[in-house]
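Shown next, in structure tokens, is the structure this report addresses.
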Amino acid sequence: MSFRKIIVAPSILASDFARVGEEAASVTEAGADWIHCDVMDGHFVDNISFGPAFVEAVSRHTTIPLDVHLMVTRPDHYFPRFTKLAASITAHVEAAHDVADTLRKVRAAGCKAGLAVSPPTDIARIEPHLGEFDILLVMTVNPGFGGQPFLPDMIEKVRFAARLREERGLDFDIEVDGGITVETARVSIEAGANLLVAGTSVFRAADRAAEIKRLREA
Ligand code: DX5
Ligand code: ZN
């Protein structure tokens, strides 16, 4: 397997929203590579988190790339509101949109395009889209809330995707999101993931810099 840089992306969903600027600055100082921003519309998932104004506030307090994860029913309608703020924008394969068209437009807007797969969804659904995305996000919890336990069965999806990537000579990062700790980061990396989203484990850590380092070296 080709070497890929390990990227640690703390999820701002687990931060103190009343002090979001300081929180974004804190994980930036602590050595985070990217900041993951979970946008939820209360329809695609059973939670409402934040939208573009909040992501814009985060952007004013960090210099590292923002990784926007759209848990919304109509990513095709909402993604343009994030293209100036984000380095990467990820939409779900289960959402109500023309997946190929959304991915193409995200790339055309100058962002990396991500495709996310929820736990109940067959990973084979990514196959028609190989070559259309830069990031494959394998959800390792059911989307909607932070602080849930990692679903170990999702590791098989990571392995499947890494195998496809290898066999077809493709180039995309594999992101895992949900319940990521040093232990679950290790099994995810072994299976082929290199992009680690970590909400609770980083924001609740007594020493955020040490936690980010431990995740990167997992
Ligand atoms: C869940 C979100 C995750 C969440 C991860 O719907 O997509 O990004 O913030 O939080 P932890 O790391 O606490 O599981
Ligand atoms: Zn997420």
Completion exercise
Compactness summary of the chain: radius of gyration and Dmax from Cα atoms, Å, are 15.7, 47
Practice task
Provide K84, K112 ordered by accessible surface of protein heavy atoms (probe 1.4 Å), highest first.
Solution key: K84, K112
Exercise for the section: Can you figure out the FRET efficiency of D98 with A209, using R₀ = 30 Å and their beta-carbon distance, to the nearest 0.05? Expected result: 0.10
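Counting DSSP beta bridges in the chain, what percent are antiparallel, to the nearest 5?
Details: 1 of 33 bridges.
Around 5 percent antiparallel, to the nearest 5.
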Practice task
Count charges around I89 for me, please; just the other residues with Cβ under 9 Å from its Cβ, Lys/Arg as +1, Asp/Glu as -1.
Solution key: 0
Exercise for the section: Could you name the lysines whose alpha carbon sits less than 18 Å from that of K213, not counting residues in the same chain fewer than 8 places away? Expected result: K5
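The values are calculated or read from the model by the stated rules, or taken from the named source; none is laboratory data. From a predicted model like this one, the values you see are computed outputs, not experimental measurements. Glycine also receives a Cβ, built like all others from the backbone with ideal geometry; neighbour counts cover every protein chain displayed. Quick note on the areas: whole protein, heavy atoms, side chains included, nothing else; ligands and nucleic acids left out. Shrake-Rupley method; radii C 1.70, N 1.55, O 1.52, S 1.80 Å.
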